[in-house]
Every structure is written in C-alpha cells, then in structure tokens.
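One structure below.
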Amino acid sequence: MDQIGRMRLFVRVVETGSFSRAAKAEGVVQPTASKEMSALEKHIGGILVRRNSRGLTITEQGQEFYDFSVGMLADLDAAENRIRSGQTSPRGRLRVTCPAVFSSRLIVPNLPDFFQRYPDLSIDLQVSERYLNLVGDGIDVAIRIGNLADSSLLSRQIGSVTAVVVASPGYLERYGKPRGLEDLQHHACLPFMFQGNSKTWKFEVDGSPVEIVPSAALRTNDADAVHTAVRAGLGLGQGPRWIFCDDIDAGTLVPLLTAYAPQPFPIQAVHSGTRRMNGAIKAFVDFVAELTRGELNLRMA
C-alpha cells in the first residue's frame, strides 16, 4: 500500500472508529490494516491513534493529519474526476476567512462576478478579526492585513493599504486639530481591538517608525464601528484609507497628520504550509488580487 492508500485507510479508521470496519471498507484484512497504519505512523514520526479497551482515540497529531488528509484526498479525487471528464474549471467548496470590513466592503459585493466565472465553486466565509488556525479550523485560505508572524504559513501579497488618521469636522470644531503626534494625548483616539488588545497607531517620523497606544471611552473590534464612531464625532480614528475615502471625498471626514503616514501594510492571502494552493484556492486568490489592484488602489489615491 502506498502513502495515498495509507492516508485513505487512516481517514477510514478515524471515521469508522474501528480497524476492522476500516479494513473492510478498503478491501483489506485487519492485520494488513494494522500493519499499514504502523507504517504510516513510522513514516510520519508520530502516534496518530491510540487503542484502548473502549476503542480508538485520535491524538492531537492525528487530528491535524486527519484534517490535512481529508482536504488533500478530496482535492486529488476532484482533480482526477476533472481530468477523466475533460473539465478544466475548478470546483468544490472553499473555506475562507477574512476581516469583517474586508468581507462587507470588498469580497461579498463582488461575489456575483466570482460565481459567474466559477459556477462550480462555492464558499464558506468565516468573518473574524481573530487569526483562526488554518489547519485546526479547516480553513483553505485566509485574507490578512499586515506582516505575518507565523513562518509555517505560505502567503502571497495581493495588495497593500495605507493607514490614515481622520476626524469629523464637528469634532475638530470642538477640540481642535492635532498638528503633531504629541497632540494626540489631548484627543480621544478610538482604539481598534485585535485579539483582545488595542492595536497601536503606527506613524513614521524622519524615516523611523513610531507607535502610539490609542485611548478613548469606546473600544471595539469592529472596523465599521470605528468608522461610524468617527463620523459621530466620538474621536479620531486610524485605519485603511479605503475605509474612509468616500467620507474624505465628501468632506464628512478630514484626514489628519498625513506627514506622519506609515509605510503601506501588505494584504496577504495565506494558506497552510501543509496544503498546496490548488486550482480553487488559486482562482479565489487571483480574484481578490484583481479587486485589490483595482478598486482598493484607485480608492486609496
């Protein structure tokens, strides 16, 4: 039995909870199934399942390898079916995660075009400001803004965003306009919460990065809520320029401290290092890259 066959057997073992039932499903005898599972664990270098008097228990390593195997085998079967039937268009269900404002402002409004291009693809979209575990949560691709700390992930930069500080004209009439970074201590600076902490506001002074911890009566993990709060005059906000650009153009928000704007942040499409970028993932990433090159870059000018 080759490695693909052993992976199929392992998936059967987990799903049936029994070596004997898995062996029957794969058309082998139980001793062979046990032998092949031992060979797989030796090749992997870890214990995937444990046997006890009550049956089988999957280990943490086994759960991770199971999630990967299910996805990889599904991709392999789909590719074989496409080749046999002469199909070239990607098909299947993609599991995607991205920040809320990116979903509502960019991805969801353009999905009709995506589904028209790829009628055999469907998407499970998990909107979250948290960084989900791609393997553990079964995510195919994540859209993330900023630099990555996890080197085990594979990424492709698909765009960039420029941060801007804004306030409403009414707020500035009441409290004045900050002229330098030192003035921010006298203003309500609305924090955006990320994974339980306030994200620092980033600036650049004489080529060197400067970070300031924002503080205000309101804190939120919703970028749209920050936008609404700034428009309501609750304080200053910092965020990607494309979130605020319509209000800036209309004069309902005023850009501030532009001389201290930081370098643009990358927008990245991320997938697990244990999972290759298949045709479906590539189709979605290419599509989002088109959107960021088009709509976002135009709106950031």
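The values are calculated or read from the model by the stated rules, or taken from the named source; none is laboratory data. What you see is a predicted model, and the numbers here were worked out from it, not measured in a lab. Glycine also receives a Cβ, built like all others from the backbone with ideal geometry; neighbour counts cover every protein chain displayed. These area figures cover heavy atoms from the full protein model, side chains too; ligands, DNA and RNA do not enter into them. Shrake-Rupley method; radii C 1.70, N 1.55, O 1.52, S 1.80 Å.
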Inset, instruction - Please work out which one of (1) assigned to a helix (DSSP H, G or I); (2) touching a helix residue (DSSP H, G or I) at 6+ places or on another chain (Cβ under 6 Å); (3) open to solvent by 60 Å² or more (accessible area, probe 1.4 Å) is the condition Met1 fails and give its number. - result: (1)
Inset, instruction - Could you list, in sequence order, all residues of the stretch 193-211 that are within 16 Å of Val166 (Cβ to Cβ) and open to solvent by less than 40 Å² (accessible area, probe 1.4 Å)? - result: Trp201, Phe203
Legend entry - Members of the stretch 45-62 found to be open to solvent by 40 Å² or more (accessible area, probe 1.4 Å), of a type outside the set (Lys, Arg) and modelled with pLDDT of 85 or more, listed by number: Gly45, Ile47, Thr57, Ile58, Glu60, Gln61
Inset, instruction - Among the residues of the stretch 103-126, write down those that are in a helix (DSSP H, G or I), touching a residue at least 40 places away in the same chain (Cβ under 8 Å), within 22 Å of Asp75 (Cβ to Cβ) and hydrophobic (A, V, I, L, M, F, W, C). - result: Phe114
Legend entry - Unique residue being surrounded by 19 or more Cβ atoms within 10 Å (Cβ to Cβ), touching a helix residue (DSSP H, G or I) at 6+ places or on another chain (Cβ under 8 Å) and part of a helix (DSSP H, G or I) when the list is Ala22, Ala39: Ala22
Legend entry - Failed criterion for Leu218 (all others in (1) under 25 Å from Thr252 (Cα atoms); (2) among the hydrophobic types (A, V, I, L, M, F, W, C); (3) out of contact with any Cys (no Cβ under 9 Å at 6 or more places or on another chain); (4) surrounded by 14 or more Cβ atoms within 10 Å (Cβ to Cβ) hold): (4)
Inset, instruction - For Ala74, indicate whether it is closer than 30 Å to Phe284 by Cα and open to solvent by 30 Å² or more (accessible area, probe 1.4 Å). - result: yes
Legend entry - Considering residues of the stretch 233-263 that are open to solvent by 30 Å² or more (accessible area, probe 1.4 Å) and part of a helix (DSSP H, G or I) only, the residue farthest from Thr200 (Cα to Cα): Ala250
Inset, instruction - Scan the stretch 90-99 and give yes if some residue there is within 16 Å of Asn221 (Cα to Cα) and either outside any strand (DSSP E or B) or open to solvent by 40 Å² or more (accessible area, probe 1.4 Å) (or both), otherwise no. - result: yes
Inset, instruction - Filter the stretch 202-223 for residues that are at pLDDT 90 or above and closer than 23 Å to Ser104 by Cα and give the result. - result: Leu218, Arg219, Thr220
Inset, instruction - Evaluate the stretch 53-60: report whether one residue or more is in contact (Cβ under 8 Å) with a residue 40 or more places away in the chain and more than 17 Å from Gln3 (Cα to Cα). - result: yes
Inset, instruction - Only one of these is under 25 Å from Phe265 (Cβ atoms) and either over 20 Å from the mean Cα position of the chain (by Cα) or at pLDDT below 90 (or both): Arg93, Arg82, Arg130. Name it. - result: Arg130
Inset, instruction - Report yes if Pro169 is surrounded by 17 or more Cβ atoms within 10 Å (Cβ to Cβ) and more than 30 Å from Phe287 (Cβ to Cβ), otherwise no. - result: no
Inset, instruction - Please state which one of Leu148, Leu154, Leu125, Leu184 is open to solvent by 30 Å² or more (accessible area, probe 1.4 Å), under 28 Å from Leu257 (Cβ atoms) and aliphatic (A, V, I, L, M). - result: Leu148
Inset, instruction - Assess whether Val29 counts as being β-branched (Val, Ile, Thr) and buried (at least 17 other Cβ atoms within 10 Å of the Cβ). - result: no
Inset, instruction - Quick one: in the stretch 134-167, of everything that is closer than 18 Å to Trp201 by Cβ and under 13 Å from the mean Cα position of the chain (by Cα), which residue is modelled with the lowest pLDDT? - result: Asn147
Inset, instruction - Among residues belonging to the stretch 108-122 that are touching a helix residue (DSSP H, G or I) at 6+ places or on another chain (Cβ under 7 Å) and open to solvent by less than 30 Å² (accessible area, probe 1.4 Å), point out the one that is modelled with the highest pLDDT. - result: Phe114
